[in-house]
Amino acid sequence: MIKKRIYFWTYSKYISKPVIADVILNTGVKINILKAKVEPQEAFLILEIIGDEEVVNKALEYLSKYGELEEIKDIIKRDEERCVHCGCCVTQCPFDVIYVSEDYSIEFDKDKCVGCKNCVKACPFKALKVLE
Amino acid sequence: MKTIKEINEKIKKGEAVVVTAEEMIKIVEEEGAKKAADYVDVVTTGTFGAMCSSGVFINFGHSDPPIKMLNIYLNNVEAYGGLAAVDTYIGAAQPNEDPDIDIEYGGAHVIEDLVRGKEIELYAEGYTTDCYPRKEVNVKITLDDVNQAIMVNPRNCYQAYPAATNSREEKIYTYMGILWPEYGNIHFSGAGQLNPLQNDYNPKTKGYNTIGIGTKIFLGGGEGFIIGEGTQHNPPFGTLMVKGDLKKMNPRYVRAATMPKYGPTLYIGIGVPIPVLNEEIAKRCAIKDEDIEVKIYDYGIPRRERPVVGITNYKELRSGKICLEVEIDNKKVLK
């Protein structure tokens, strides 16, 4: 079982097609939609794709027919100079990525981050960036 | 029993035993307060957090011809003009005059930039008098250029501060951070078992064992002094008024912030030494996070008396999860 997180931009001509449902039904992959935004030229999604490696690859191949995709790696960046470990970001994270360690410092479990930006908006020091 | 004089002599000789407030907890637990008082000389305490009631008195020195400054702006942030000709006070929470910048660069940011040695634009208008004929001055200054820059903070270092949550159906932006709808999160502020006033508090007298006017402290990376009780001082929610020379401070401990949709504020590091003169002082210095009660207020109700929705302590708060029983639908909400 593997888990991959991707950005997915659906081509405009497929916006009204139920692409995600098709991928799930045709490949048996599990998909967790973390973000979805429909705009005039494209639809943008952040997806978590879960399944056996073979199934995940099949799903990615299927998706690539309907849009562009990019795997998400280390999407959150912290400016270590700016961050003072105040903790304002901790409760903003829906995925428990951010936690307070025993020595009062704020740590990130970056692998779990989906780039929702809730922490970025809450940071009083503008120390957080989500790569796009 | 020891005296401050004896401890000072030990410090001079390099023989003083200095421990942190956290180390003291362990020492008192394992060896008892009496033994701890025998050999520990100083307990170091401290806090670092958002302290809006902070600011800096600046004396710019005179221009030629001189001006009596009335409307004063530093990087477009207004500073107080009701003092003598070239004196001012810049407050940390003052927003920018430019509505496009507004709270993103305020008084706190000017203060941090001064400490960082950056150039700041000073613009001031005055009304002419016989002795101060100039109407206007516009010049770039750095911290080195001004005669004095003395940080004087009316209220710092709260002994403990209530935690905040939000009963409303929408998220709210507060000085305690962003609070999610329907008690979705709790934010707290305060150093708990590390806090200076907490470690020095005497519940019997409702006073403080050693801290007082003139106590020499660590303020923003430099040397500072306690100059009295702070505004809203109300033990056991004591506060401190402090002063220190901005020119000797370090930007690591003087940090400007903007609380989203609220305003600018200054994060300041403060450290206070507590001389362990006797057993009673030693015992208090062993206070733990779990012993410090913290009320949880509903910031969703913007009134003077916010409803208390629960009582917790710093240990629970630091654990990251609190079980809170709230009245709406009688549902239990985590965190």
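Screening B:TYR175, B:TYR123 for residues that are within 14 Å of another protein chain (Cβ to nearest Cβ) and aromatic (Phe, Trp, Tyr) leaves exactly one candidate, B:TYR175. Taken over segment B:32-41, residues that are surrounded by fewer than 19 Cβ atoms within 10 Å (Cβ to Cβ) and either in contact with a strand residue (DSSP E or B) (Cβ under 7 Å, 6 or more places away or on another chain) or in contact (Cβ under 8 Å) with a residue 40 or more places away in the chain (or both) amount to 1.
Is it the case that B:VAL28 is closer than 30 Å to B:PHE188 by Cα and free of Cβ contacts under 8 Å to residues at least 60 places away in the same chain? Lay out the reasoning, then the answer.
Working: closer than 30 Å to B:PHE188 by Cα: yes; free of Cβ contacts under 8 Å to residues at least 60 places away in the same chain: no.
Taking the combined requirement at face value, the residue does not satisfy it.
Looking at segment B:158-235, the strands (runs of 3 or more DSSP E) lying wholly inside it that each contain 2 or more residues that are among the small types (Gly, Ala, Ser) sit at B:163-165, B:222-229.
Taken together, the residues in segment B:1-31 that are of a type in the set (Lys, Arg) and within 13 Å of B:VAL276 (Cβ to Cβ) amount to 2. Of all positions in segment B:298-306, none carries a residue that is open to solvent by 70 Å² or more (accessible area, probe 1.4 Å), closer than 26 Å to B:ASN153 by Cα and touching a Gly at 6+ places or on another chain (Cβ under 8 Å).
Reported count of residues in segment A:40-67, each being without any contact (Cβ under 8 Å) to a residue 60 or more places away in the chain, under 18 Å from the mean Cα position of the chain (by Cα) and closer than 11 Å to A:TRP9 by Cα, is 8. In segment B:264-277, the residue that is surrounded by the most Cβ atoms within 10 Å (Cβ to Cβ) out of those that are touching a Cys at 6+ places or on another chain (Cβ under 8 Å) and at the interface with chain A (Cβ under 10 Å from one of its Cβ atoms) is B:THR265. Restricting segment A:43-97 to residues that are within 13 Å of chain B (Cβ to nearest Cβ) and in a helix (DSSP H, G or I), which is surrounded by the most Cβ atoms within 10 Å (Cβ to Cβ)? Ranking the candidates gives A:GLN92 first. Condition check: of a type in the set (A, V, I, L, M), within 17 Å of the chain's Cα centre (by Cα) and away from chain A (no Cβ under 14 Å). Does B:MET241 satisfy that? Answer is yes for this residue.
Name the strands (runs of 3 or more DSSP E) wholly inside segment B:1-77 in which the number of residues that are under 22 Å from B:LYS216 (Cα atoms) and at pLDDT 95 or above is 2 or more. Step through it out loud before you land on a result.
Details: elements: B:18-20, B:42-50, B:55-59, B:69-74.
Passing ranges, in order: B:18-20, B:42-50, B:55-59.
Being crowded, with 20+ Cβ neighbours inside 10 Å, small (Gly, Ala, Ser) and within 14 Å of chain A (Cβ to nearest Cβ) is true for just one of B:GLY46, B:GLY55. Which residue is that? Before the answer, list the steps.
On the way: B:GLY55 fails: within 14 Å of chain A (Cβ to nearest Cβ).
So the residue among B:GLY46, B:GLY55 that is crowded, with 20+ Cβ neighbours inside 10 Å, small (Gly, Ala, Ser) and within 14 Å of chain A (Cβ to nearest Cβ) is B:GLY46.
If I ask for residues that are within 14 Å of chain A (Cβ to nearest Cβ) and within 19 Å of the chain's Cα centre (by Cα), which ones from segment B:180-236 would you list? Listed by number, the residues that qualify are B:HIS187, B:PHE188, B:SER189, B:GLY190, B:ALA191, B:GLY192, B:GLN193, B:LEU194, B:ASN195, B:GLY220, B:GLY221.
Sort out which residues of segment B:78-88 are among the small types (Gly, Ala, Ser) and either part of a loop (DSSP other than H, G, I, E, B) or open to solvent by 50 Å² or more (accessible area, probe 1.4 Å) (or both), and write them in order of number. Correct list: B:GLY81, B:GLY82, B:ALA84, B:ALA85.
Among the conditions (1) hydrophobic (A, V, I, L, M, F, W, C); (2) within 14 Å of chain A (Cβ to nearest Cβ); (3) in contact with a His (Cβ under 8 Å, 6 or more places away or on another chain), the only one that B:ALA85 does not satisfy is (2). Residues being at pLDDT below 95, loosely packed, with under 14 Cβ neighbours inside 10 Å and more than 12 Å from chain B (Cβ to nearest Cβ) are entirely absent from segment A:118-130.
Any residue at all in segment B:189-208 that is under 18 Å from A:ALA122 (Cβ atoms) and in contact (Cβ under 8 Å) with a residue 12 or more places away in the chain? Outline the logic, then answer.
Step one: of segment B:189-208, the residues under 18 Å from A:ALA122 (Cβ atoms) are B:189.
Now drop any that are not in contact (Cβ under 8 Å) with a residue 12 or more places away in the chain, which leaves B:189.
Within segment B:189-208, one or more residues are under 18 Å from A:ALA122 (Cβ atoms) and in contact (Cβ under 8 Å) with a residue 12 or more places away in the chain.
Please work out if B:THR215 is surrounded by 17 or more Cβ atoms within 10 Å (Cβ to Cβ), in contact with a Pro (Cβ under 6 Å, 6 or more places away or on another chain) and either more than 28 Å from A:CYS88 (Cα to Cα) or not aromatic (Phe, Trp, Tyr) (or both). Let's see the steps before the verdict.
Details: surrounded by 17 or more Cβ atoms within 10 Å (Cβ to Cβ): yes; in contact with a Pro (Cβ under 6 Å, 6 or more places away or on another chain): no; either more than 28 Å from A:CYS88 (Cα to Cα) or not aromatic (Phe, Trp, Tyr) (or both): yes.
So B:THR215 does not fit the description; no.
Return the residues of segment B:89-147 that are surrounded by 14 or more Cβ atoms within 10 Å (Cβ to Cβ) and at positive phi; say none if nothing qualifies. Of everything in segment B:89-147, just one residue is surrounded by 14 or more Cβ atoms within 10 Å (Cβ to Cβ) and at positive phi, namely B:ASP102. The C-beta contact set for segment A:102-114 (first residue surrounded by 12 or more Cβ atoms within 10 Å (Cβ to Cβ), second residue at pLDDT 85 or above and among the aromatic types (Phe, Trp, Tyr), distance under 9 angstrom, 6+ apart or interchain) comprises A:ILE106/A:TYR99; A:GLU107/A:TYR99; A:PHE108/A:TYR99; A:ASP109/A:PHE95; A:ASP109/A:TYR99; A:LYS112/A:PHE95; A:CYS113/A:PHE95; A:VAL114/A:PHE95. Per the conditions (1) closer than 30 Å to B:GLU327 by Cα; (2) surrounded by 19 or more Cβ atoms within 10 Å (Cβ to Cβ), the sole criterion not satisfied by B:GLY184 is (2). Taking (1) in the same structural domain as B:LEU240 (by TED's automatic domain parsing); (2) of a type outside the set (Phe, Trp, Tyr); (3) free of Cβ contacts under 8 Å to residues at least 40 places away in the same chain in turn, B:ALA79 satisfies each apart from (1).
Evaluating A:LYS35 against the criteria (1) at pLDDT 90 or above; (2) not in a loop (DSSP other than H, G, I, E, B) leaves one unmet condition, (1).
The values are calculated or read from the model by the stated rules, or taken from the named source; none is laboratory data. All values reported here derive from a predicted model rather than from experimental measurement. Because the Cβ atoms are built from the backbone with ideal geometry, glycine has one as well, and the counts that use them run over all protein chains shown. Note: areas computed on protein heavy atoms with side chains; ligands, DNA, RNA excluded. Shrake-Rupley method; radii C 1.70, N 1.55, O 1.52, S 1.80 Å.
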